[in-house]
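Structure first, then comments.
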Amino acid sequence: MTATIFYLLAAVLAATTGTLVAGAGDDGTTHIRLYIHETFSGANATAVHVTDSPLGGNSTYGTLSVFDDELRQGSDAASQLVGRAQGITMQADLQDSGVFSTLLTMLSFTDGGYKGSTLVLSGRVDFGPDGKAAAERAVVGGTGRFRLARGYSLMSKFGTTSSTAVLKLDLYVKTDV
C-alpha cells in the first residue's frame with residue numbers, strides 16, 4: 001500500500017508543480033528537484049543578516065540570518081514559483097566561517113495539489129573548501145501531504161552574483177501517509 005501512495009504522490013506532484021525529477025523508487029523514496037532563488041540586498045532582499053558575532057572583530061561565529069526565499073520549478077527567475085524556503089541560518093562553527101547550521105521549513109507550497117504542505121529540513125550547510133560540494137541536510141518532518149516525512153536533501157550552488165544566489169535542491173523523501 002505504501003508504494004501505491006508514493007506512486008500517487010509522484011503523479012500528483014508532477015501534475016501540480018512540474019518539479020518531479022523521478023518517480024518513487026523501489027524503497028518508496030520520491031526524488032524532487034527545486035531551485036531556491038535568494039536575494040541578499042536591496043528593497044526585495046529575501047535573506048537578511050540579523051546579528052553580528054558576539055566575539056567582535058572579524059569573527060563570524062554566532063551570527064544569525066533569516067530568509068524567506070523563492071522556491072521555483074527551474075533555475076531561471078521566470079520559472080514557476082511553487083513555494084517558499086523559509087528559515088534561520090546560524091554560523092555555529094568556530095573553525096570554519098563558511099559552515100552554517102540551518103533550520104528551515106522547505107517546500108512551503110503555495111500552488112497546486114500541495115498548497116499548504118511543508119517539508120522541514122535541519123542540518124549543516126558546508127559547500128566544502130572549494131565551494132562546489134553538495135550540502136546534505138536531513139528531512140525531519142512535514143505537514144499536510146508530507147506528514148511524517150523523512151529523508152535527506154542535497155543542495156548545491158547553481159549560480160551566484162554579489163547580490164543573488166540560485167541553489168539547486170534535490171530532495172529524497174519518504175512518508176507513511
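Conditions tested, residue by residue: (1) within 18 Å of VAL140 (Cα to Cα); (2) of a type in the set (Asp, Glu).
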| position | (1), (2) |
| --- | --- |
| GLU38 | no, yes |
| VAL48 | no, no |
| ILE88 | yes, no |
| GLY98 | no, no |
- Task: Determine which single condition LEU94 fails, assuming it passes every other condition in (1) open to solvent by 70 Å² or more (accessible area, probe 1.4 Å); (2) out of contact with any Ser or Thr (no Cβ under 9 Å at 6 or more places or on another chain).
- Result: (2)
- Query: With respect to THR110, is the statement that it is over 11 Å from the mean Cα position of the chain (by Cα), open to solvent by 60 Å² or more (accessible area, probe 1.4 Å) and not basic (Lys, Arg) true?
  - Reply: yes
- Message: Every residue in region 143-158 that is on the phi < 0 side of the Ramachandran plot and in contact with a strand residue (DSSP E or B) (Cβ under 7 Å, 6 or more places away or on another chain), please.
- Response: THR143, PHE146, ALA149, ARG150, TYR152, SER153, LEU154, MET155, SER156, LYS157, PHE158
- All conditions in (1) open to solvent by 30 Å² or more (accessible area, probe 1.4 Å); (2) within 20 Å of ALA47 (Cα to Cα); (3) in contact (Cβ under 8 Å) with a residue 24 or more places away in the chain; (4) not basic (Lys, Arg) are true of SER122 except (3)
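The values are calculated or read from the model by the stated rules, or taken from the named source; none is laboratory data. Given the structure is predicted, the values throughout are model-derived calculations rather than measurements. Virtual Cβ from ideal backbone geometry, glycine too; neighbours counted across all protein chains shown. Heads up: the accessible areas ignore ligands, DNA and RNA and are worked out on the full protein's heavy atoms, side chains in. Shrake-Rupley method; radii C 1.70, N 1.55, O 1.52, S 1.80 Å.
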